[in-house]
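Written out below as structure tokens is the structure these notes cover.
Throughout, read-outs are computed from the coordinates displayed, never taken from laboratory work. Fair warning: this is a prediction, and the values are worked out from it, not measured in the lab. Note: ideal-geometry Cβ built from the backbone for every residue, glycine included; neighbour counts use all protein chains shown.
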Amino acid sequence: MKTSPPPIAFEELASAVPVRRGQVDPDTWVAHCAAVREGGGRLVALWGADERAHSGNYALHACLAERQGLTWLTLALNDAATSYPSLHAIFPAAARMQRAVRDLLGLQAHDAPDSRPWLRHNAWGEHQFPLRKDFDAATAVGQPDDGYPFVPVSGDGVHEIAVGPVHAGTIEPGHFRFSVVGEKVLRLEERLGYTHKGIEKRFEGLSVEEAAPLAGRISGDSTSAYAWAYAMAVESAAGISLPARGVWLRALLLERERMANHLGDLGALGNDAGLAFGLAQFSRLKENALRANQAIFGHRYAMDAICPGGSAVTLDGAGASRLLHELNVLEDEVRRLKHIYDEHAGLQDRLLTTGRVTPALAAQLGLSGLAGRASGQAWDLRVQFPHAPYDQLDTRMTTHRAGDVAARVTVRMEELLESLRLCRLILHRMPPGPVAVPCRIPPGRRMGVGWVEGWRGEVLVALTLDDDGRIERLHAHDPSWQNWPALEHAIMGNIVPDFPLINKSFNLSYSGHDL
Amino acid sequence: MLHLLRQILRTGIRTDAYPAPDDTMRVRAAQFEAAVLKRFGRAAAIRHVDAGSCNACELEINALNNPYYNLEGLGIHFVASPRHADILLVTGPVSRHMETALKRTYDAMPEPKFVVAAGRCAGDGGVFGTSYACLGGVGDVIPIDVLVPGCPPTPEDLMRGILAAIAPGQGKTAFGSAPTEEGTNGLSPLENLHAHGG
Ligand code: SF4
């Protein structure tokens with residue numbers, strides 16, 4: 001019996017996580033996405049590529065999270081037909097990704113509701129497409145910024161407040177346009193793209209070794225997550241299997257990164273809610289962890305410690321004991337501070353019900369990572385698709401249903417304690433042996449994917465290597481893509497002075513999003 | 001509340017000794033007389049602009065306010081407007097999309113003003129280089145006084161660079177003591193710095 005639409009011929013892709021790939025036509029593109037949505041799955045990433053030299057076509061790619069793992073769909077387009085059906089009605093998160101594909105490659109979602117540019121401001125023109133192979137990376141276009149058409153909001157007593165791109169505090173640049181009545185926010189519109197650095201173009205033509213430091217600097221606060229996702233993608237493409245100790249070390253670094261960021265955020269959130277004590281305490285604990293990183297891994301954020309083929313750092317017995325000792329001290333301190341946060345009426349008053357994203361809205365928007373889990377979205381790659389060594393660690397997932405700032409604080413606190421437990425477990429059980437193998441790329445064009453649960457959410461790297469083993473296309477996807485739109489909803493009905501607190505409770509990446 | 005107070009007492013004061021200014025980070029000679037710089041004996045105000053960084057430089061700038069570094073203890077603090085700032089601290093390569101905002105911030109600052117470019121990217125674009133989207137280092141867009149190396153620069157180096165911008169020629173041995181012992185002569189650490197440096 002013939003089914004409609006026709007089934008997709010999937011092939012399994014070798015990777016540390018379960019991945020299948022399939023070619024689709026425009027109808028199956030939409031039908032499969034709709035079926036995934038129906039089944040409770042999510043859109044992870046959507047991007048384009050200029051593959052004309054290889055196949056004569058452009059390609060539109062999407063990765064979807066389904067129950068059995070990751071599904072990577074590819075839709076071929078060509079110069080005669082550069083448009084494709086939009087996914088925004090199925091996955092709202094697709095809207096901005098499609099606008100970015102338009103800016104960078106000139107592939108157009110033909111029924112998309114918003115035709116404004118997204119990543120393009122003034123660095124290149126409307127009819128120039130940096131990710132096409134015939135666009136020279138050195139091209140200096142630079143044209144006057146003609147102003148971005150924000151959506152106007154009118155009504156009695158409504159006025160606009162424009163903030164950014166430079167902010168009062170030390171945060172990344174972005175623009176926020178509030179429509180307010182009195183102090184109350186009716187609407188927030190974000191404009192991002194200020195930190196667009198042409199990262200994906202810069203990857204083109206690099207060897208896998210040359211590209212590693214760049215991959216680790218896509219979003220510096222998630223350097224281990226990106227470096228691991230990148231390395232996993234290379235190893236997936238090249239069919240490299242890793243020595244066990246190298247993988248366990250990666251998990252140690254990733255959990256320490258989660259710890260450090262959660263410590264920093266818990267302090268900053270306390271501060272933004274009027275408890276300066278929290279900042280002083282948690283920032284001190286974070287600093288201790290960074291100093292231990294410096295002493296043991298040679299870098300405060302362990303940048304460049306994860307490399308294709310394994311880990312570039314080692315850990316001896318003395319280092320492991322120092323880390324274990326510090327983890328014990330840290331756990332005592334965190335438990336004390338957790339108690340203080342929990343009991344502090346003034347603090348809880350500021351956090352509870354502030355900046356809410358309900359589970360229903362979170363599901364609709366496809367909210368990812370810790371912010372998703374704080375709104376009832378029970379996804380954590382370490383739990384659902386545990387690659388080594390998580391397959392031996394039995395990670396406990398934390399979820400919450402309130403979806404407010406308080407819930408995002410609670411999820412961080414619980415995840416911090418869980419990371420402490422995981423680090424201890426890793427230090428006790430890490431097998432001996434080499435930490436890396438040579439990273440040899442077999443000849444021929446190859447594709448690979450890496451998918452890692454960073455502290456903020458899931459980081460995906462999709463990679464195509466050319467015949468010479470150099471990078472033809474690398475797409476890096478930050479979980480902030482899914483979560484930035486949720487911030488626009490979270491602020492509605494709150495007061496303007498609560499924005500810094502709400503924004504911080506998501507703590508999204510600009511650099512990782514703008515690329 | 002009791003738990004909170006107990007935790008404060010348990011923690012005590014953790015501030016490290018402040019580092020000395022590092023003149024080797026200067027990229028151009030001091031533009032102002034010692035008399036003008038003396039003005040910073042009380043306080044200096046910093047405006048930070050992320051011109052396109054990967055955000056790890058920001059982590060280290062934020063670390064400057066943790067109890068170990070306690071930059072504010074030196075009388076140096078971050079301000080929300082360029083019009084109140086003496087020092088412009090810039091991180092990242094300058095993305096083309098941030099060029100205008102960076103120049104506007106610089107122009108809005110009153111004289112005397114000092115620019116501290118922090119991090120390898122702020123030097124020459126770093127791993128991001130120069131491209132259709134990146135203009136390269138901060139010095140390619142506005143004049144800079146000091147370049148702090150590192151990827152990201154450590155908090156100590158950020159302090160050395162900031163001090164080198166406003167207190168050049170003070171020498172490493174000239175520096176005063178940590179705030180735990182400071183205050184005996186009634187001078188702020190920055191004033192001590194000037195006093196010791198002659
Ligand atoms: S210098 Fe390093 S840490 Fe700073 S923005 Fe550049 S890559 Fe990131």
For a quick check: with amide H placed at 1.01 Å from N, whose amide H comes under 5 Å from B:Ala44's, ignoring anything fewer than 5 positions away on the same chain? B:Ile76, B:His77
Quick check on segment B:21-169: of the DSSP beta bridges with both residues there, what percent are antiparallel, nearest 5%? 10 percent
Under-5 Å amide H pairs with A:Arg473, H placed in peptide plane, nonlocal only: A:Thr464
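Just checking the output field for B:63-70: average partner chain Cβ neighbours within 10 Å of each residue's Cβ? Could you put the intermediate results ahead of the total?
On the way: counts 6, 1, 5, 13, 6, 6, 2, 1.
Counting other chains' Cβ atoms within 10 Å and averaging over B:63-70 gives 5.
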At least 27 Å along the helix axis (C-alpha) and Kyte average at least 0.0, DSSP helices within chain A: A:276-297, A:405-429
Between A:Val496 and B:His3, what is the label-point separation in nm under the 7 Å Cα-to-beta-carbon projection? 3.6 nm
Helix-only [θ] at 222 nm, chain A, -39500 (n - 2.57) per DSSP H run of 4+, per residue, nearest 500, equals -12500 deg cm²/dmol
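Determine the percent antiparallel among the DSSP beta bridges restricted to the protein assembly as shown, to the nearest 5. Walk me through the intermediate numbers first.
Numbers: 55 of 79 bridges.
Taking every DSSP beta bridge within the protein assembly as shown, about 70 percent pair in antiparallel fashion.
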Taking every eigenvalue of the Cα gyration tensor of chain A, multiplying by 5 and rooting it, what semi-axes result, largest first, whole Å? 34, 31, 21
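Please list, by residue number, every one of the GluC sites (Glu not before Pro) in segment A:41-133 that is coil in DSSP and has at most 13 other beta-carbon atoms within 10 Å. Intermediate values should be presented prior to the final figure.
Working: sites: A:Glu51, A:Glu66, A:Glu126; in loops: A:Glu126.
Here the sparse-neighbourhood loop sites are A:Glu126.
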How long is the gain from A:Glu488 to A:Asp145 if the chain were fully straight, where each residue apart is worth 0.36 nm and the alpha carbon distance is subtracted? 121.1 nm
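Averaged over every viewing direction, what's the projected area of the C-alpha convex hull for segment B:21-169? Give it in nm², one decimal, please. Each step should come with its number before you reach the end.
Values: hull surface 31.1 nm².
Mean projected area of the Cα convex hull: 7.8 nm².
Rounded to the nearest 5, what % of DSSP beta bridges with both residues in segment A:11-109 are antiparallel? Write down the numbers at each step before the final one.
On the way: 22 of 30 bridges.
Bridges in segment A:11-109 that DSSP calls antiparallel: roughly 75 percent.
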Taking segment A:161-241, which GluC sites (Glu not before Pro) meet the DSSP loop condition and have no more than 11 other C-beta atoms within 10 Å? A:Glu183
Under the Kirkwood approximation for Rh and a Cα-based Rg, what ratio Rg/Rh is obtained for segment A:1-65? 0.98
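For segment A:257-357, give the magnitude of the charge dipole about the Cα centre (Cβ charges: +1 Lys/Arg, -1 Asp/Glu; no others), in debye to the nearest 20. Before the final figure, lay out the partial values.
On the way: 11 positive and 13 negative charges, 16 e Å.
In total the dipole reaches around 80 debye.
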What does the structure give for B:4-11 when I average, per residue, the other chain Cβ atoms found within 10 Å of the residue Cβ? 4
How many nm is it between the label spots at A:Arg445 and B:Ala43, if each spot is 7 Å from the Cα in line with the beta carbon? 6.2 nm
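If you take the Cα atoms of segment A:375-515, find Rg, then find the Kirkwood Rh from the mean of 1/r over all pairs, what is Rg/Rh? List each step's numbers first, then the result.
Details: Rg = 18.9 Å, Rh = 18.0 Å.
Using only Cα positions, Rg/Rh for segment A:375-515 is 1.05.
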Dipole magnitude of the protein assembly as shown, debye to nearest 20 (Cβ charges: Lys/Arg +1, Asp/Glu -1, about Cα centre): 860 debye
Take every residue in peptide A:213-223, count the Cβ atoms of other chains within 10 Å of its Cβ, and give the average of those counts. 5
Trypsin sites (Lys or Arg not before Pro) within segment A:313-414: DSSP coil, no more than 15 neighbouring Cβ in 10 Å: A:Arg396, A:Arg401
Sequence-distant or interchain residues sharing an amide H contact under 5 Å with B:Leu89, placed H: which? B:Arg47, B:His48, B:Val49, B:Val116
